[in-house]
Structures are given as C-alpha cells and as structure tokens.
Amino acid sequence: MIKELFNLAGERKSQLIQGTILYIISSLFAAAPYAFLYLILDALFKQSLENQKVAIWIGLIILCLIIQGLSLYTANRVTYLTSYRMMGDLRLRLGDHIRKLPMGFFSQTQVGDLNSLVSDDMRKIEPIPSWVYPKIVSAIALPILIATFLFFVDWRMTLATLTGVPVAVAIYFGTQRIQKQVAQVQKQAIVSANSRMIEYIQGLAVIKAFNQTGKRFNKLEKALNEYRQANLAMVTRLTIPVLAFAGILDLGAAVILFVGSYLLFGGQMTVPTFLLFLVLSLRLYAPMHQLVEYSAMMRMMDAALDRITDVLRIKPLPEPAEYKELKNFDIEFLDVCFSYENTPILQNISFQVTEGSTTALVGVSGSGKTTITNLIARFWDVNDGEILVGGVNIKDLPIDDLLSHMSIVFQDVYLFNDTILNNIKFGKKDATREEAIASAKTSQCHEFIQQLPHGYDTIIGEGGATLSGGEKQRISIARAILKDAPIVLLDEATASVDPENEIAIQKAINSLVQSKTLIIIAHSLSTITSADQILVINQGQIVERGKHEHLLSMNGVYQRLWESRQQAKSWKVVSKLS
C-alpha cells in the first residue's frame with residue numbers, strides 16, 4: 001500500500017520522502033536522550049557523578065529534545081501540506097478521469113458504488129499520508145534505533161529483549177492477509193448497503209404503492225444484515241491474532257527479567273544496564289503495539305485505495321494530440337457497428353445529415369435510436385466504421401471540443417437543485433437573464449415559470465423534483481436552445497409533453513432548424529412529419545429512409561408505425577358496465 005501511495009503522489013513524491021527522512025531523524029533524537037540517561041545512571045552507581053558532567057548531559061538531552069521537536073514539527077508540516085495537496089490532486093484527477101470514461105462504466109456501476117467511491121473511499125484514504133503513514137514510519141524507526149543502541153550496550157540483553165519479536169512479526173504478516181480479506185468483504189457490504197439505501201429512497205413512491213416498506217423491502221434488509229455480519233467478522237477474526245501479537249511482545253518483558261537477573265546476580269551485568277533495559281523495553285514495545293492498530297486501519301484504507309486505483313486504471317476514451325478545425329457541421333455514419341457487452345446493437349449503419357437539416361430517427365424501443373445519438377456525442381466509441389462531423393472523424397476531436405458543438409436533450413431529463421434560471425444557463429454560464437428568458441419563451445416554458453413562487457429564481461429541488469415531466473423537458477430544451485450549439489440532439493423531446501403543448505414544442509424545434517443540424521428521436525411521429533430525412537431503425541439497421549409522405553407510400557415499417565400511433569390516440573378505458 002505504501003508503494004501505491006508513492007505512485008499516486010506523482011510530483012509530490014519527493015516531498016513525501018523528505019517527510020519520511022525527517023520522521024526518522026525525529027525518532028533518532030527521541031531515542032538519543034536514553035544514551036545520556038544511561039551515562040548518568042552509570043556514573044551515579046559508580047559514584048563518579050560530577051556536576052559539570054551532569055550539566056553537559058542534561059544540556060545534550062535538552063538539545064536532543066529540541067532537535068526532535070523541530071524535526072517532528074517540520075516533518076508534520078511537510079507531510080500534512082503534501083498529503084492534503086496530494087489528496088486534492090487525486091480528487092480532481094479521479095473526477096476528471098471518471099468524466100472521460102465511456103458510458104458503459106456507469107451502466108455497469110451501481111449508484112451507491114460511485115457515491116462510495118468519490119466520497120467515502122476518498123475520505124477514508126485521506127488520513128493515510130497525513131497521519132497513519134507518519135505514525136507507521138515512527139513506529140518502525142524508533143524500535144530499530146533503540147534496539148541498535150541497546151545492542152552496543154549489551155548484545156545478550158538485546159537478544160533477550162527481541163526474543164518474541166520474530167514470532168510477533170510472523171503473526172503480524174499473517175494477520176495482514178486476514179485483515180485485507182475482511183476489509184474487502186466489509187467494503188463490498190458498505191457499497192451494497194449504500195446502493196440499496198439510495199434505491200430505497202429513490203423508489204420510495206413505488207415501494208409505498210406496493211406496500212413494501214420497512215422489513216418487507218427484503219433487498220435493503222439483506223444488505224444491512226450483510227454489512228452487520230461483515231463488521232462482526234472483522235472483530236471475531238482479528239481478535240485472536242491481535243491478542244497473540246500483544247501477548248508475545250509482553251512475554252519479552254518476562255524474558256528480560258529472567259535473563260537480566262541471571263546476568264546481574266552472576267556479576268556479568270551492572271545495575272544501570274539492567275535498569276536501562278527495563279525502561280527501554282517498554283519504550284521499544286509501545287510503538288510495536290501501536291503498529292498493529294495502525295496496520296488494521298491501513299487495511300481498511302487499503303480496500304478503499306484499491307477501488308480508487310482500479311478505477312484510475314480503466315482506460316478513458318483516447319484523445320487526439322492535435323485539434324482539428326471543423327469547416328461545417330455535417331454528420332456522417334460510415335458502416336458503423338456497435339456492440340454492448342457482446343450484444344450487437346448497430347450493424348453497418350450508414351447515413352448523412354447535412355448541416356442545417358433535420359433528421360428524425362424512428363423505430364420500436366430497443367432498435368438502436370438512442371445509441372446512435374450517444375455515439376455522435378462519443379459517449380462510447382464504435383466497434384467498426386467511422387462517425388464524421390464536418391468531415392473529421394470524431395475520434396480525432398478532443399471530447400470537450402466535440403461536445404462544445406452539441407446541445408443534447410436527454411430522454412431522462414436531469415435538473416440540478418438550483419434556480420430555474422441557473423438550470424437554463426447550465427450550458428452557457430455567461431448568458432444574461434434576458435437571453436435565458438428568451439430561450440424559455442422559445443421552448444414554451446416561460447408562462448409556467450412565471451406562475452412559480454419566485455419565477456426564474458425558484459429553487460426546483462434535486463432532479464427537478466418539484467416540476468412535472470413535461471415542465472422539466474421544456475426547461476431542458478430551453479437549456480439546449482440557449483447553448484446555441486450548431487448540432488442539436490433531441491432524444492424523445494416530446495415524450496412527457498401533453499398534446500396541448502406538443503404543437504408548441506414542435507414550433508420551438510422548427511425554430512432551431514434554420515441554423516442547426518438537428519437529429520431528433522420521437523415516438524410521436526406527428527412531431528417529425530416535416531423532417532428533411534426520416535431514418536427507420538429496426539434491429540440495429542436502417543430499413544427505410546426518406547420523407548414522411550414517401551415513407552407512408554412504401555407501406556413498410558414506417559407506415560405500420562404511423563398507423564399504430566394513430567390507433568393509440570383513439571385508445572380509451574372500457575367501462576365494465578358496458
């Protein structure tokens with residue numbers, strides 16, 4: 001884990017090394033006073049103690065303590081500043097890396113997993129470089145320095161003092177494997193519990209409607225039970241090894257008393273030496289006891305660090321080295337094939353959308369319409385073929401630059417917990433209030449916004465919870481209009497709009513056609529009858545293409561879709577009494 005920590009440090013690695021050296025120097029001067037204490041005790045028992053010598057030794061002890069304090073202060077300052085800057089860099093790096101990952105990563109990852117990754121996992125590893133790592137360095141350096149000093153005083157007593165250390169070290173490393181296994185299980189249990197809790201909250205309306213609240217929601221209860229069992233397993237599996245480690249070290253004190261008494265009464269060792277070993281054995285064992293505690297914390301943090309590094313190892317979509325200028329905003333698919341998790345979605349798709357025209361994508365659910373728009377925005381990369389914008393392969397355009405040319409209205413609209421005005425200005429932060437209002441009027445949402453308590457300054461709640469589906473969708477269209485990008489992608493733009501507003505929305509969309517390259521997906525075929533080109537998608541292939549009237553005359557898939565939509569409009573609930 002320490003190696004992984006230094007790898008993540010990047011350009012701050014040298015500062016971490018500097019802090020490590022300072023902690024070792026601090027430990028050295030923390031151990032040095034005991035040498036002068038030994039000299040004082042030895043002189044005292046030999047009755048050769050002189051005031052001048054005592055003053056010199058006490059002065060040297062004070063000097064060591066001052067140097068130790070200064071070294072520790074400098075080490076803490078260097079390490080703390082470095083660690084928090086490093087964690088800040090890592091947070092930005094993780095956020096930027098996740099942003100560049102293909103959308104497949106998000107569809108395979110639970111919401112609770114992502115939430116745990118960017119918040120809980122990052123919070124858990126923050127103490128590693130700033131607190132735990134320095135403690136471990138000191139806990140290792142101080143016993144080594146004390147043992148080295150004691151070896152020159154009396155090698156026999158030093159060996160007696162270290163008798164239990166090899167066994168304790170063996171137990172320690174054996175415990176590491178158990179700790180890592182338990183920490184990983186606990187981490188997965190936390191992620192699962194978080195995911196189920198978020199799922200429970202987000203789906204509370206459905207859960208209540210089907211009377212599955214409380215313990216009846218088995219998925220949440222099971223996840224919480226697994227989390228409880230993981231915590232219990234951590235305690236039960238680690239208790240015996242930790243007690244064994246501590247017990248073996250504590251037996252070292254008994255060995256010191258036995259061997260020391262034997263050598264003392266045999267005249268082979270002086271009383272000051274015996275007292276020195278009794279005192280320093282406690283100073284030597286104390287950091288080693290703490291090492292187990294720090295190690296357990298490290299294992300918990302290790303599981304979090306592993307998850308973060310695993311995400312950082314996922315390769316983002318490749319970016320080109322050079323920027324290419326777009327001369328126009330034509331869109332072209334050339335024999336595009338795309339599969340998701342080995343399931344073919346698009347097969348040899350080819351079509352062209354000229355700049356400033358409107359192209360509609362129609363077809364049954366799951367035919368691949370949304371996938372086409374996602375590929376244009378490069379949320380995924382194609383498996384075969386090419387997608388060109390302005391004659392340039394989108395793989396040769398930086399993703400940020402590509403998306404700067406696009407406004408997207410998603411099928412599932414997401415609005416932020418902010419004012420309506422700021423949600424509309426989301427794609428153009430420097431837009432004026434007047435510009436935002438003008439885009440709202442164009443998207444037919446100005447009237448209902450004015451009726452809200454604070455108008456455009458109304459906070460709409462997370463996800464736009466206080467608005468209806470149609471209202472949210474019209475605000476998202478206003479957001480796309482305000483961005484004024486040359487390419488507009490509308491995915492089910494009228495899916496949540498009532499019939500009264502459908503015509504108004506269609507007018508808003510038509511206003512974009514004058515200067516925008518527009519690709520629209522719609523189940524309501526009446527909204528795309530004036531499109532310059534309609535592509536009928538079926539099982540990942542374009543089976544028909546042309547304008548509305550032409551497609552109707554073909555008596556094919558589009559004509560059947562049109563008839564089914566007309567029949568759906570006349571649907572009504574049948575009375576049981578009739």
How large is the Rg to Rh ratio of the range 399-497 when both quantities use alpha carbon positions and Rh follows Kirkwood? 0.94
Once phi is turned into θ = phi - 60°, what whole-Hz ³J(HN,Hα) does the Karplus curve with 6.51, -1.76 and 1.60 give for every residue of the range 272-278, x standing for Gly and Pro? x, 5, 4, 5, 4, 5, 5
Sparsely packed trypsin sites (Lys or Arg not before Pro) within the range 1-94, loop by DSSP, other Cβ within 10 Å at most 10: LYS46
How charged is the neighbourhood of THR517? Take every other residue with its Cβ under 12 Å from the Cβ of THR517, and add Lys/Arg as +1 and Asp/Glu as -1. -3
For the residue pair HIS289 and ALA438, what label-to-label distance in nm results when each label sits 7 Å from Cα along the Cα-to-beta-carbon direction? 7.5
Straight-line reach from LYS135: which aspartates and glutamates have Cα under 20 Å away, leaving out those fewer than 8 places along the same chain? GLU4, GLU126, GLU293, ASP302
Nonlocal amide H pairs with GLU544, under 5 Å, H built at 1.01 Å: VAL536
At 222 nm, what helix-only mean residue ellipticity would the chain give, in deg cm²/dmol to the nearest 500, using -39500 (n - 2.57) for each DSSP H run of four or more? -20000 deg cm²/dmol
For 302-308, 224-230, ranked highest to lowest by mean beta-carbon neighbours within 10 Å, the order is 302-308, 224-230
Before anything else, pin down the relative contact order of the range 309-368: Cα pairs under 8 Å, at least 6 apart, normalised by residue count, whole percent. 26
Across the alpha-carbon set of the chain, Rg over Rh with Rh taken as the Kirkwood radius works out to 1.17
Largest to smallest principal axis extent of the C-alpha atoms in the range 29-69, angstrom: 33, 17, 6
Positive dipole terminus of the range 1-97, leading residue within LEU81, SER27, ASN51 (C-beta point charges): LEU81
Here the range 63-69 yields Karplus 3J(HN,Hα) values (6.51, -1.76, 1.60; θ = phi - 60°; whole Hz; Gly and Pro given as x) of 4, 4, 5, 5, 4, 4, x
Rg (one decimal) and Dmax (whole number) from the Cα set of the range 331-569, in Å, equal 17.9, 52
Of GLY174, GLY391, LEU162, which is farthest on the positive side of the dipole of the chain, counting Cα position, with +1 on Lys and Arg Cβ, -1 on Asp and Glu Cβ, and the Cα centre as origin? LEU162
Rounded to the nearest 5, the percent of DSSP beta bridges in the chain running antiparallel is 55
Hey, got the dipole for the chain? About the Cα centre, +1 on K and R Cβ, -1 on D and E Cβ, debye to the nearest 20? 1640
Just to confirm my numbers, what's the Cα centroid distance between the range 273-288 and the range 128-156 in Å? 12
Any idea which of THR517, PRO344, VAL382 is furthest toward the positive side of the dipole for the range 331-569, if Lys and Arg beta-carbons carry +1 and Asp and Glu beta-carbons -1? THR517
Subset of LYS13/LYS429; LYS428/LYS472; LYS124/LYS395; LYS124/LYS425; LYS425/LYS516; LYS124/LYS315 violating a 28 Å alpha-carbon distance limit: LYS13/LYS429; LYS124/LYS395; LYS124/LYS425
Per DSSP, the loop-located trypsin sites (Lys or Arg not before Pro) within the range 310-369 having at most 11 other beta carbons within 10 Å are LYS327
Roughly what angle does helix 557-569 make with the longest principal axis of the chain, taking Cα atoms, 0 to 90 degrees, to the nearest 10? 90
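Any read-out appearing in this document is the output of simple, stated calculations on the displayed coordinates, not a laboratory observation. Bear in mind that the values here come from a model prediction, so they are computed numbers and not experimental data. Virtual Cβ from ideal backbone geometry, glycine too; neighbours counted across all protein chains shown.
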